[in-house]
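Asker: Quick one: the structure is below, questions incoming.
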Amino acid sequence: MRMVVLGLGYLGATHAACMAELGHEVLGIEVVPEKRAQLAAGEVPFYEPGLPELLKRHIDSGALTVSGSYADAADFADVFFIAVGTPQKKGEYSADLRYVDAAIEELVPLLTRDALILGKSTVPVGTARRLSERADELAKDIDVEVAWNPEFLREGFAVDDTLHPDRVVLGTFPGGNAEVVCREIYKSMISDGTPFIVTDPPTAELVKTSANAFLATKISFINAIAEVCDAAGADVKAIADAIGYDARIGRKFLNAGLGFGGGCLPKDIRAFMARAGELGAAEALTFLREVDNVNMRRRTRMVELTREVCGGSLLGKRIAILGSAFKPESDDVRDSPALNVAGQIQLQGASVTVFDPKAMDNSRKLFPTLDYAATALEACEAADAVLVLTEWKEFIQLDPVEVAKVTRTQNLIDGRMCLDPLAWKRAGWSYRV
Ligand code: UGA
């Protein structure tokens, strides 16, 4: 099937390449010229394992083409995916829908045939209805159907999550064609047994927001327990392991530590609270404010812990920060807990050196005043404390004896509880979490 993907960021570029992999003919629309040029040359402008190979293959074969023109988009196909960003509004909790709105405003007046617009971006409940009404106003003597088909991919596993999702969700208005089209688009995965849930648009929008809110809640739950463990001298990791054996609870997303960041969970729970407020249901989600608070306290606590291991003051201390991406297997530093901690420690008078296997360029852009090292060991040189804040495999495999040779003091803080405490202690390190 021919289709267009509007917006080629983390979500759109992955979706476009994966749709080509499923055998479709795809046109990707990217309005930023530099990104567009890179993608058209078969290069991915961000780090996502497996995506460069997939993208290059389908650009080379011609199954995937890239353009910056909405006129090209309108010409190319009758099925359009919206995959543009919905960031948090500056100074507010709610989502900034300007890019989603712009996609409709620019595309629909150019359409000359009936079309289906499938939203993938994470949007506040009610957005599909509003866009559908706006599309009706803008459409010239044609039918433009809007339906919502939320995306659940994780960065770092984006290709696999798109090609082998846990479920496909579609929210469609009565009388539309979206179900038939989506059954065709996702035919291979549906026939492989992937659950296909067809519902109405508000439900589909809320499936996505509820999933992210639940994941965020799970992480903050275990981090709240970690706070109690700190006070009681108990081991939160052992608690997560033990309660995780209960299939109703499950061990996944119970890793205590520095908490969640990134371009999704933090802004999605805030947008969810804001939308519930607009709908008069604010009280239902007040617990999400606490989820957010627990999460942000992890960052402050990490700064305090660093000050404590440095003898009560960070002034003039050298701190090595290993990891700046919001999670491993990603170069994304949007709302990265690690970089946030690095910035706070620097503000308290320490000299901070950061190393991350993939996120150096993005980190430099966001925090140009931090120092950056070429390797983990270089970052640790003469350090008074070493903080592991993103659980990259490279850090898990560090040799504590080798690291001890370059630091000034053997103070380790394992911000992701990912290292082997015994190995580090045996090598003479003070190990804190
Ligand atoms: C998240 C969801 O997991 C995806 O299902 C969703 O599609 C995506 O948001 C989105 O809305 O687009 P992602 O932001 O890529 O995906 O990352 P996660 O793997 O969810 O991790 C989020 C944060 O939680 C990271 O900072 C990670 O370090 C942290 N985390 C995760 C923990 O602190 N503890 C855990 O146990 C798990």
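Rule-based calculations on the coordinates, nothing more; no lab input. Values in this document were obtained by computation on a predicted structure and should not be read as measured data. No Cβ is skipped: glycine too gets one built from the backbone with ideal geometry, and neighbour counts run over all protein chains shown.
Asker: Suppose only helical runs count, i.e. DSSP H with n ≥ 4. What mean residue ellipticity at 222 nm does that imply for the chain under -39500 (n - 2.57) per run, divided by all residues and rounded to the nearest 500 deg cm²/dmol?
Answerer: -13500 deg cm²/dmol
Asker: Dipole size in debye (nearest 20) for segment 1-77 around its Cα centre, Lys and Arg Cβ +1, Asp and Glu Cβ -1?
Answerer: The dipole magnitude comes to about 40 debye.
Asker: Which shape class, rounded, prolate or oblate, goes with segment 1-80 when its Cα gyration tensor gives a ≥ b ≥ c as root eigenvalues, a/c under 1.5 marks rounded, and past that a/b bigger than b/c marks prolate?
Answerer: Verdict is oblate for segment 1-80.
Asker: If the cut-off is 14 Å between C-alpha atoms, which aspartates and glutamates fall inside it for Lys405, apart from same-chain ones fewer than 8 positions away?
Answerer: Glu378, Glu381, Asp384
Asker: Round to a whole angstrom and tell me the spacing of the C-alpha centers of segment 124-164 and segment 381-415.
Answerer: The two parts, judged by their Cα centres, are 44 Å apart.
Asker: Please rank Trp429, Trp148, Trp392, fewest neighbouring Cβ atoms within 10 Å first, as an exposure proxy.
Answerer: The most exposed by this proxy come first: Trp429, Trp392, Trp148.
Asker: Report, ordered by chain and residue number, the aspartates and glutamates lying within cross-link reach of Lys393, taken as a straight Cα distance under 15 Å and ignoring same-chain residues fewer than 8 apart.
Answerer: Hits, sequence-local ones excluded: Glu329, Asp331, Asp356, Asp414, Asp420.
Asker: Let me ask another. Of all trypsin sites (Lys or Arg not before Pro) in segment 239-324, which ones are in loop regions per DSSP and have a Cβ with at most 14 other Cβ atoms within 10 Å?
Answerer: Listed in order of number, the matching sites are Arg248, Arg251, Lys252.
Asker: Report, ordered by chain and residue number, the aspartates and glutamates lying within cross-link reach of Lys208, taken as a straight Cα distance under 12 Å and ignoring same-chain residues fewer than 8 apart.
Answerer: Here the aspartates and glutamates satisfying the reach criterion relative to Lys208 are Glu151, Asp268.
Asker: Where nothing but the Cβ of Lys and Arg (+1) and of Asp and Glu (-1) is charged, how large is the charge dipole of segment 198-288 around its Cα centre, in debye to the nearest 20?
Answerer: Dipole magnitude for segment 198-288 comes out near 220 debye.
Asker: Moving to a separate point now. Counting other Cβ atoms within 10 Å, keep those with at most 16, restrict to DSSP loop, and tell me which trypsin sites (Lys or Arg not before Pro) in segment 66-138 are left.
Answerer: Sparse-neighbourhood loop trypsin sites (Lys or Arg not before Pro): Lys89, Lys90, Arg113.
Asker: Can you pull the three principal axis extents for the Cα set of the chain, in Å, largest first?
Answerer: 73, 48, 42
Asker: Taking GluC sites (Glu not before Pro) that fall in a DSSP loop and have at most 16 other Cβ atoms within 10 Å as cut points, what is the longest piece of the chain between them?
Answerer: 93-380
Asker: Out of segment 151-245, which trypsin sites (Lys or Arg not before Pro) are coil in DSSP terms and have no more than 15 other C-beta atoms within 10 Å?
Answerer: Those that pass, being in a loop and sparsely packed, are Arg154, Arg167.
Asker: Let me check against my output: what whole-number percent is the relative contact order of the chain, with C-alpha pairs under 8 Å and at least 6 apart?
Answerer: Once normalised by length, the contact order is 11 percent.
Asker: Going toward the positive end of the dipole of segment 2-199, with +1 on Lys and Arg Cβ and -1 on Asp and Glu Cβ, which of Pro124, Ile197, Val168 do you reach last?
Answerer: Comparing the listed Cα positions along the dipole, Pro124 ranks first.
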